[in-house]
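> Below are the structure tokens for one structure; questions will follow.
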Amino acid sequence: MIKGNTKANRTAKWLVSGPPLLFLLVFFVAPSLIMLFTSLRFPGEFGGLAPIAAPAEAVHGEYGLTLETYQFFFSDILYAEIFLKSFAVAAASTLICLIMAYPLALLIARSEKRFRNLMVLLVVLPFASNFLIRIYAWMIILGPESVFSHFINALLGAFGIAPVTLLFSPFAVLVGMVYVHLPFMVLPLYTNLEKHDPALLDAAQDLGANAWQRFWRVTWPLSLPGVFSGAALVFIPVLGMFAVPDILGGTGDILIGNLIKDQFLGTRDWPFGSTLSIMLTLAVLAITALAAWFARPAAIPER
Amino acid sequence: MRRSNIWLWSAAALAYAFLYIPLIIVVVYSFNDSKLNAEWVGFTLSWYVALFNNQEMLIAARNSLIIAVSASFLATILGTMAGLAIHRYKLKFLPLLVFTPVAMPEILLGVALLLFFLQVLNLTLGMISIIIAHTTFCIGFVAIIVRARLQGMDESIFEAARDLGASPWQTFRLITLPLIMPAVVAGALMSFTLSIDDFVITFFTKGVGEPILPIQIYTMIKIAVTPEVNAISTLLMLLTLTMIIIAAKLDSGVLRREAK
């Protein structure tokens, strides 16, 4: 075989990788850098940005750049609270997704081969519906006149508890987050569980392990890489989500995403909006690194 | 059946119910002869009729179709190239650029592109900016599908073609492209679905001009919920369902051929 570096091959390499590289440099890397740059600018008087003035007539220092927005972010406890709340919502959604997805993924992985693809397809299929519609469906279910709300309130009434409003509450936000992201948890879990060798469980059984021990000592530790990749796939989008709190949440249920949205489409404070986006990016990077570290193939524990 | 299996089955059944009941409710209410999404009154098609008489909605649907077709066309070409390049050559930078937009929260790409379009390109936000934005995140999905297909294939076919004197272009056109075609089409359909469904990035890059489908739906949900939302939802579900089924058929067709 003629190996690699002929001239034709090098040309081919650039022809194939060049166009997507160029497109993403212009429409992904450059915009990200612009966002970083914008976070250092001064806001304009009527929204947007203050012009970068020539040094002589500069109002805001020599280059018109500042770290003020970052100082502002760290000086007001409100923003730390919203970030913390977003992390809490993301963690809760991830946990609930895990609890719901694990049995499902396990069942699919242990089903007969010919049924598996169909069962996976059934998990993905709700994604065939529009994202907004999936959220909207819960507006109907949790609405004050819905069968579900009447049922819950009748149940609460039986215990002498005052009726509750389900819609526009933190509960509704959590339900929406879990609903929208559940398949992201099922798929990596299934991919992992499907590879487990059933002989391991037989061996554990022969050695006297009961069903719970077989799960907790064999299946669960082996599935951890799947758990962590699923967790990252749920946690990260939930962290930046604004549509679910926007539609299902009340006025108090604001998360990072809503805060960012407001800076751009409400108050039009671009520098602060960019700063919030940069902080979110840093959070996402940290979580990705953590998940990648945890999800690395587990070394066989030594005895 | 073992006892643990019964537990598994009931937990899984609950999860499936959780996934499907909300969507079934939307579909059922789209035929309900009542302005409220509360009790069942009787069967009607009037919400569909109302939808087809809603001029703005029709324009929005047309715009969204134009965007989805253009974005998936661009993303399929660029994504296929990226998938091929990442599979064939040891590249460090390109995979990072291709897969990051897929992995990060959508709002970040939306914000970054909004700032970029307004500040650098001085582009009035509209159809063009949305098409570019959708292409940016769809490239990754196409690349993932194409690359997965390539990873499943026997490398010796390409080596054989080269040994027999085929140029890189001939190898691509006569060997590689026909083999990855199902993945390319699946990627195109996936991009189309993602584009027509996308709300977050569209929301940031739409500007104030033309009506776009997800934005229309958002406005309807936020301001005045009428069962017309249920009707458009049901129609969209049908459309994307068809796309997904075609894509799945193509993909599994390839799998079966390989298994032989």
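> May I ask you to say which residue of B:Asn63, B:Asn32 is crowded, with 16+ Cβ neighbours inside 10 Å, over 19 Å from the mean Cα position of the chain (by Cα) and in contact (Cβ under 8 Å) with a residue 40 or more places away in the chain? I'd like the intermediate steps shown before the answer.
Details: B:Asn63 fails: over 19 Å from the mean Cα position of the chain (by Cα).
None of the other options fit; the residue is B:Asn32.
> While we're on this one: Working carefully through the options A:Ser129, A:Ser75, find the one that is without any contact (Cβ under 8 Å) to a residue 40 or more places away in the chain and surrounded by fewer than 23 Cβ atoms within 10 Å (Cβ to Cβ).
Values: A:Ser129 fails: surrounded by fewer than 23 Cβ atoms within 10 Å (Cβ to Cβ).
So the residue among A:Ser129, A:Ser75 that is without any contact (Cβ under 8 Å) to a residue 40 or more places away in the chain and surrounded by fewer than 23 Cβ atoms within 10 Å (Cβ to Cβ) is A:Ser75.
> Among the residues of the stretch B:82-100, write down those that are surrounded by fewer than 24 Cβ atoms within 10 Å (Cβ to Cβ) and assigned to a helix (DSSP H, G or I).
Across the stretch B:82-100, the qualifying residues are B:Leu84, B:Ile86, B:His87, B:Arg88, B:Phe93, B:Leu94, B:Pro95, B:Leu96, B:Leu97, B:Phe99, B:Thr100.
> Within the stretch B:179-217, count every residue that is of a type in the set (Val, Ile, Thr), over 29 Å from A:Gly257 (Cα atoms) and under 18 Å from the mean Cα position of the chain (by Cα).
Adding up the residues that qualify gives 2.
Condition check ((1) free of Cβ contacts under 8 Å to residues at least 40 places away in the same chain; (2) farther than 20 Å from B:His134 by Cβ; (3) of a type in the set (Ser, Thr, Tyr)) across all residues:
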residue: B:Pro211; (1), (2), (3): no, no, no
residue: B:Ile215; (1), (2), (3): no, no, no
residue: B:Met220; (1), (2), (3): yes, yes, no
residue: B:Ala224; (1), (2), (3): yes, yes, no
residue: B:Glu228; (1), (2), (3): no, yes, no
residue: B:Thr234; (1), (2), (3): no, yes, yes
residue: B:Ile244; (1), (2), (3): no, no, no
residue: B:Lys249; (1), (2), (3): yes, yes, no
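> When you go through (1) in contact with a Gly (Cβ under 7 Å, 6 or more places away or on another chain); (2) over 30 Å from B:Thr176 (Cα atoms); (3) assigned to a helix (DSSP H, G or I); (4) at pLDDT below 90 one by one for B:Leu108, which number turns out not to apply?
Looking at each condition in turn, B:Leu108 falls short on (4).
> Right, next: Check B:Ser64, B:Ser72 and return the single one that is more than 10 Å from every other protein chain (Cβ to nearest Cβ) and in contact with a Gly (Cβ under 9 Å, 6 or more places away or on another chain).
B:Ser72 is the lone residue from the list that is more than 10 Å from every other protein chain (Cβ to nearest Cβ) and in contact with a Gly (Cβ under 9 Å, 6 or more places away or on another chain).
> Please state which one of B:Leu78, B:Leu36 is aliphatic (A, V, I, L, M), outside any helix (DSSP H, G or I) and either within 13 Å of chain A (Cβ to nearest Cβ) or in contact with a helix residue (DSSP H, G or I) (Cβ under 8 Å, 6 or more places away or on another chain) (or both).
Testing whether each residue is aliphatic (A, V, I, L, M), outside any helix (DSSP H, G or I) and either within 13 Å of chain A (Cβ to nearest Cβ) or in contact with a helix residue (DSSP H, G or I) (Cβ under 8 Å, 6 or more places away or on another chain) (or both) leaves just B:Leu36.
> I'm trying to understand the selection: among the residues of the stretch A:18-43, which are touching a residue at least 40 places away in the same chain (Cβ under 8 Å), out of contact with any strand residue (DSSP E or B) (no Cβ under 6 Å at 6 or more places or on another chain) and among the aliphatic types (A, V, I, L, M)?
Passing the criteria: A:Met35, A:Leu36.
> Next question, about the same structure. Among the helices (runs of 4 or more DSSP H) confined wholly to the stretch A:64-127, which include 2 or more residues that are under 26 Å from A:Ile260 (Cα atoms)? Even if it seems obvious, please write down each step before you answer.
Details: elements: A:68-75, A:77-110, A:113-124.
Ranges flagged: A:68-75, A:77-110.
> Take the stretch A:153-173 and flag every residue that is within 13 Å of chain B (Cβ to nearest Cβ) and either outside any loop (DSSP other than H, G, I, E, B) or touching a helix residue (DSSP H, G or I) at 6+ places or on another chain (Cβ under 6 Å) (or both).
Result: A:Leu167, A:Ala172.
> Can you name every one of the helices (runs of 4 or more DSSP H) wholly within the stretch A:180-240 that holds 3 or more residues which are touching a residue at least 60 places away in the same chain (Cβ under 8 Å), touching a Ser or Thr at 6+ places or on another chain (Cβ under 7 Å) and among the aromatic types (Phe, Trp, Tyr)?
No helices (runs of 4 or more DSSP H) qualify here.
> In the stretch B:128-177, which residue that is surrounded by 19 or more Cβ atoms within 10 Å (Cβ to Cβ) and small (Gly, Ala, Ser) is farthest from the chain's Cα centre (by Cα)?
Among those residues, the one meeting the criterion is B:Ser129.
> Turning to a different aspect of this structure: What is the number of the single condition among (1) at pLDDT 75 or above; (2) surrounded by fewer than 14 Cβ atoms within 10 Å (Cβ to Cβ) that A:Arg41 does not meet?
Just one mismatch for A:Arg41, condition (2).
> Which of the following residues is within 29 Å of A:Asn130 (Cβ to Cβ) and at pLDDT below 85: A:Ala291, A:Ala231, A:Ala299, A:Ala243?
Working: A:Ala231 fails: at pLDDT below 85; A:Ala299 fails: within 29 Å of A:Asn130 (Cβ to Cβ); A:Ala243 fails: at pLDDT below 85.
A:Ala291 is the lone residue from the list that is within 29 Å of A:Asn130 (Cβ to Cβ) and at pLDDT below 85.
> In the stretch B:35-58, what residues are within 28 Å of the chain's Cα centre (by Cα) and within 11 Å of B:Pro227 (Cβ to Cβ)?
B:Trp47, B:Tyr48, B:Ala50, B:Leu51
> Could you please tell me which pairs satisfy a Cβ distance under 8 Å, a separation of 6+ or placement on different chains, a first residue in the stretch A:247-261 that is farther than 13 Å from A:Lys85 by Cα, and a second residue that is among the basic types (Lys, Arg)?
Pairs found: A:Ile247/B:Lys222.
> Would you pick out the residues in the stretch A:5-27 that are farther than 16 Å from B:Leu74 by Cβ and more than 7 Å from chain B (Cβ to nearest Cβ)?
Hits for the stretch A:5-27 are A:Asn5, A:Thr6, A:Lys7, A:Arg10, A:Thr11, A:Trp14, A:Leu15.
> Could you tell me whether any residue of the stretch A:94-112 is modelled with pLDDT under 85, within 30 Å of B:Leu250 (Cβ to Cβ) and more than 8 Å from chain B (Cβ to nearest Cβ)?
Yes, that holds for at least one residue.
> I would also like to ask the following. Tell me the residue from A:Val164, A:Val180, A:Val173 that is surrounded by 13 or more Cβ atoms within 10 Å (Cβ to Cβ) and touching a Leu at 6+ places or on another chain (Cβ under 7 Å), please.
Checking each option against the conditions leaves just A:Val173.
> Only one of these is surrounded by fewer than 19 Cβ atoms within 10 Å (Cβ to Cβ) and within 8 Å of chain A (Cβ to nearest Cβ): B:Val225, B:Val208, B:Val185, B:Val200. Name it.
Among B:Val225, B:Val208, B:Val185, B:Val200, only B:Val225 is surrounded by fewer than 19 Cβ atoms within 10 Å (Cβ to Cβ) and within 8 Å of chain A (Cβ to nearest Cβ).
The values are calculated or read from the model by the stated rules, or taken from the named source; none is laboratory data. Computed from a prediction, not measured in an experiment: that's the story for all the values here. Positions of Cβ are generated from backbone atoms using ideal geometry, with glycine treated the same way; all protein chains shown enter the neighbour counts.
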